[in-house]
Ligand code: ATP
Ligand code: FE
């Protein structure tokens with residue numbers, strides 16, 4: 001089966017074509033970032049993002065189909081992100097998907113962007129169900145038990161900033177270019193992680209939640225005290241922050257893994273492309289007797305291959321809405337993965 005995926009929830013316009021049979025084959029996966037458009041403003045500007053998605057989504061979709069040598073009538077499904085995210089961008093992508101579906105008669109499957117991240121490990125063989133998922137991205141930091149498509153149970157979530165957001169804010173404070181995560185990781189390699197003391201959030205608290213706002217404050221204070229920041233101080237600050245952020249992620253994940261008894265640990269989302277985090281998660285899985293898997297870096301950050309796969313799997317599990325409901329669906333800016341399905345316009349909330 002050939003599936004087209006479309007993604008437009010943040011600042012990447014993406015399209016992908018998957019061929020799914022016994023195995024999952026990614027025939028094409030195009031991701032067009034908008035970093036340059038947002039750079040002058042020091043962060044993602046929703047209006048600029050929405051316009052860029054509207055301008056690019058058809059071009060990117062055409063590129064993905066051309067690279068896969070697939071034409072629209074050959075498709076079995078069109079899967080498109082319907083939330084959560086910046087609503088203007090989600091609308092631009094999802095409305096394009098609706099139009100394409102109506103014009104071609106190929107069924108539309110609305111996909112929760114987080115479901116895409118949660119199932120992204122399936123692009124490379126998948127993991128044993130149920131697995132404990134550490135979802136660490138720009139907008140979310142959660143521990144979830146994934147029992148299958150459409151079946152997520154949340155164990156913990158951040159009570160303030162997301163991990164990726166903390167990396168981005170720390171990077172911005174040091175004048176590093178966006179995206180902050182990779183910049184911090186690079187800089188941290190040459191830094192002394194012991195130089196700056198960082199808090200250990202939620203120590204002694206029950207549950208599996210996360211908190212990154214204390215670290216953010218500590219970084220700001222340390223940066224002010226050490227100003228003006230030279231290169232080696234920046235590296236030390238990056239290393240100290242990264243070590244503390246990862247220690248916090250590892251601690252909560254380890255506790256959740258022990259409690260849940262899951263046999264497999266999976267990481268997903270942009271921060272899961274951090275190589276230090278990946279190797280520490282691998283070590284954690286090993287000492288816990290669990291397997292560890294995280295998707296390749298290009299499938300950790302936003303992409304449409306994961307959306308196509310999630311759409312296909314939801315459809316195969318009988319969890320996709322009817323075509324009528326899909327076309328009437330209102331995209332959602334907020335849409336928890338373990339919550340109810342997206343509302344259909346004119347029915348329910
Ligand atoms: P969400 O999925 O929650 O809606 P998003 O789609 O914007 O948010 P992703 O694309 O999954 O997020 O991830 C982007 C985030 O990942 C950014 O915050 C970025 O700084 C972070 N990130 C990317 N690479 C790394 C890295 N090597 N180390 C740490 N963080 C990283
Ligand atoms: Fe994302």
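Whole number please: convex hull volume per residue, Cα atoms of the stretch 90-168, in Å³.
124 Å³
In a solvent-free Debye calculation with one equal scatterer on each Cα, what is log10 I(q)/I(0) for the stretch 109-230 at q = 0.12, 0.13, 0.19 Å⁻¹, listed in the order of the q values?
Cα-only, vacuum Debye calculation for the stretch 109-230: -0.57, -0.65, -1.10.
Expressed in nm to one decimal, what extension gain is obtained for the pair residue 172 and residue 36 from 0.36 nm per residue of sequence separation less their Cα-Cα distance?
47.4 nm
Starting from the 7 Å offset along Cα-to-Cβ, what nm value, one decimal, do you get for the label separation of residue 63 and residue 221?
4.5 nm
How far is helix 163-173 tilted, in degrees, relative to the longest principal axis of the Cα atoms in the chain, given as a value from 0 to 90 rounded to the nearest 10?
60 degrees
Quote the Stokes-Einstein diffusion coefficient, in whole µm² s⁻¹, for the stretch 1-153, based on the Kirkwood radius over alpha carbon pairs, a temperature of 10 °C and a viscosity of 1.306 mPa s.
My calculation gives 99 µm²/s for D.
Per residue and in Å³, how big is the convex hull formed by the alpha-carbon atoms of the chain?
It comes to 132 Å³ per residue, whole-number rounded.
Roughly how many whole Å is it from the C-alpha centroid of the stretch 291-316 to that of the stretch 142-166?
Result: 16 Å between the Cα centres.
For the Cα atoms of the chain, what angle does the longest principal axis make with the long axis of helix 305-316, in degrees from 0 to 90, nearest 10?
On a 0 to 90 degree scale, this one is about 50.
Arrange the peptides 46-52, 138-144, 319-325 so that the one whose residues have, on average, the most other Cβ atoms within 10 Å appears first.
With the highest mean Cβ count within 10 Å placed first, the list reads 138-144, 46-52, 319-325.
If I fit a long axis through the Cα atoms of helix 231-260 and take the longest principal axis of the Cα atoms of the chain, what angle between them do I get, 0 to 90°, rounded to 10?
Tilt relative to the chain: about 60 degrees.
Obtain the nm distance between the two label points defined at residue 330 and residue 250 by a simple spin-label model: each point lies 7 Å from its Cα along the Cα-to-C-beta direction.
Distance between the two pseudo-spin positions: 4.5 nm.
Quick check: convex hull over the Cα atoms of the stretch 272-326, volume per residue in Å³, rounded to an integer?
So the per-residue Cα hull volume is 105 Å³.
Tell me, in nm to one decimal, what length is gained between residue 298 and residue 338 on full extension, where the rule is 0.36 nm per residue of separation less the Cα-Cα distance?
11.9 nm
In angstroms, what radius of gyration and Dmax does the stretch 1-72 have, counting Cα atoms only?
13.9, 46
What's the extension gain from residue 23 to residue 197 if we count 0.36 nm per residue and subtract their Cα-Cα distance?
Contour length minus Cα-Cα distance gives 57.9 nm.
Every number in this text was worked out from the coordinates using simple rules, so none of it is lab data. Quantities reported herein were computed from a predicted structural model and do not represent experimental measurements. Cβ coordinates were reconstructed from backbone atoms using ideal geometry, including for glycine residues, and neighbour counts include every protein chain displayed.
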